[in-house]
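Participant: There's a structure below that I have some questions on.
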Amino acid sequence: MTSAPVNEHERRRAILGQLPRMYRADGSPIRVLLVDDERALTNLVRMALQYEGWEIDVAHNAAEAVDKYRANAPDVLVLDIMLPDMDGLGVLAQIRADDTYTPTLFLTARDSVTDRVTGLTAGGDDYMTKPFSLEELVARLRGLLRRSAYMTPADDESLVVGDLVLDGASREVTRAGVPVALTSTEFELLRLLMRNPRKALTRKEILHRVWNYDFGGRSSIVDLYVSYLRKKVDAGRDPMIHTVRGVGYMLRPPG
């Protein structure tokens, strides 16, 4: 596993160390299920997440992962795509078949757009490619927990742009009356766009306001999530999500 240069590593750790601890709604520690067959990696990740005060359960294959998930109901799932007995996509499919939702971050050794989109299509909320920095993994998981329906307090915000409706309390989205199923990250991205109709938002601004993390200045994750959000919101309809060349993205009603 690679790490950032010493000064950058220390800077990121200092920032994370200054952030308040995160807890479950009842005040108990966040529960994480970490699924990967590389034991050296799971040991390192376990130590990093325990530093946050979280409870970590580890599984090294798909069968063990499903059993531990059903037994312990974790708050967030870190799931390797390549497992010895079944890929991580199949594991998530089994879990989601139980009509339960847990924010999920996929780990993959394959850095291709196809693999990333496949993970998101399967219901993943985020992804990281190996090797990765432990500080970034912690930051990503903190962001997932903030964005998830489980950790986000319900509010009564209701947004309407054209025939697109977002209900903040139920976290439901419809377009022309048809439900649009979104992950927690997609929901927060769409909410940001709908709060700013007809306004061009830069990729940097979207990173800061949705992910609360700059990813080292890399903005490709924004492009990926916007492309997938378009497939759900605009598919077969007049497009509402538009690229503003040289700037970022804008949502505006058709016409």
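Participant: If we scan the range 33-52, do we find a residue that is closer than 18 Å to Val78 by Cβ, at pLDDT 95 or above and in contact with a Phe, Trp or Tyr (Cβ under 8 Å, 6 or more places away or on another chain)?
Facilitator: Checked against the condition, which is being closer than 18 Å to Val78 by Cβ, at pLDDT 95 or above and in contact with a Phe, Trp or Tyr (Cβ under 8 Å, 6 or more places away or on another chain), the range 33-52 yields at least one hit.
Participant: Between a residue in the range 47-76 that is among the small types (Gly, Ala, Ser) and any residue that is crowded, with 17+ Cβ neighbours inside 10 Å and assigned to a loop (DSSP other than H, G, I, E, B), which pairs come within a Cβ distance under 6 Å, given they are 6 or more apart or on different chains?
Facilitator: Ala62/Leu83
Participant: Please go through the range 221-244 and pick out each residue that is more than 16 Å from the chain's Cα centre (by Cα) and in a helix (DSSP H, G or I).
Facilitator: Once the filter is applied, which keeps residues that are more than 16 Å from the chain's Cα centre (by Cα) and in a helix (DSSP H, G or I), the range 221-244 yields Arg230, Lys231, Lys232, Val233.
Participant: Further question: So which residues in the range 181-201 are crowded, with 22+ Cβ neighbours inside 10 Å and of a type in the set (S, T, N, Q), if there are any at all?
Facilitator: Hits for the range 181-201 are Thr183, Ser184, Thr185.
Participant: Might you check whether a residue that is of a type in the set (D, E, K, R), out of contact with any Asp or Glu (no Cβ under 8 Å at 6 or more places or on another chain), assigned by TED's automatic domain parsing to the domain that holds Val165 and modelled with pLDDT of 90 or more occurs anywhere in the range 199-220?
Facilitator: Scanning the range 199-220, I find at least one residue that is of a type in the set (D, E, K, R), out of contact with any Asp or Glu (no Cβ under 8 Å at 6 or more places or on another chain), assigned by TED's automatic domain parsing to the domain that holds Val165 and modelled with pLDDT of 90 or more, so the answer is yes.
Participant: Check the range 173-184 and report whether any residue there is at pLDDT below 85 and in contact with a strand residue (DSSP E or B) (Cβ under 9 Å, 6 or more places away or on another chain).
Facilitator: Within the range 173-184 (the criterion being at pLDDT below 85 and in contact with a strand residue (DSSP E or B) (Cβ under 9 Å, 6 or more places away or on another chain)), the answer is yes, since at least one residue qualifies.
Participant: Kindly provide the set of residues from the range 61-88 that are surrounded by fewer than 18 Cβ atoms within 10 Å (Cβ to Cβ) and either in contact with a Leu (Cβ under 8 Å, 6 or more places away or on another chain) or hydrophobic (A, V, I, L, M, F, W, C) (or both), ordered by number.
Facilitator: Answer for the range 61-88, where residues must be surrounded by fewer than 18 Cβ atoms within 10 Å (Cβ to Cβ) and either in contact with a Leu (Cβ under 8 Å, 6 or more places away or on another chain) or hydrophobic (A, V, I, L, M, F, W, C) (or both): Asn61, Ala63, Lys68, Ala71, Asn72, Ala73, Met82, Met86.
So that you can scan it fast, the table gives a plain yes or no per residue for (1) within 12 Å of the chain's Cα centre (by Cα); (2) at pLDDT 85 or above:
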{"site": "Leu89", "(1), (2)": "no, yes"}
{"site": "Arg96", "(1), (2)": "no, no"}
{"site": "Thr114", "(1), (2)": "no, no"}
{"site": "Gly119", "(1), (2)": "yes, no"}
{"site": "Glu136", "(1), (2)": "no, yes"}
{"site": "Arg146", "(1), (2)": "yes, no"}
{"site": "Tyr150", "(1), (2)": "no, no"}
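The values are calculated or read from the model by the stated rules, or taken from the named source; none is laboratory data. Note that the coordinates shown come from a computational prediction; the quantities given were computed from them, not determined experimentally. Methodologically, a virtual Cβ is constructed for each residue, glycine included, from the backbone with ideal geometry; neighbour enumeration extends over all protein chains shown.
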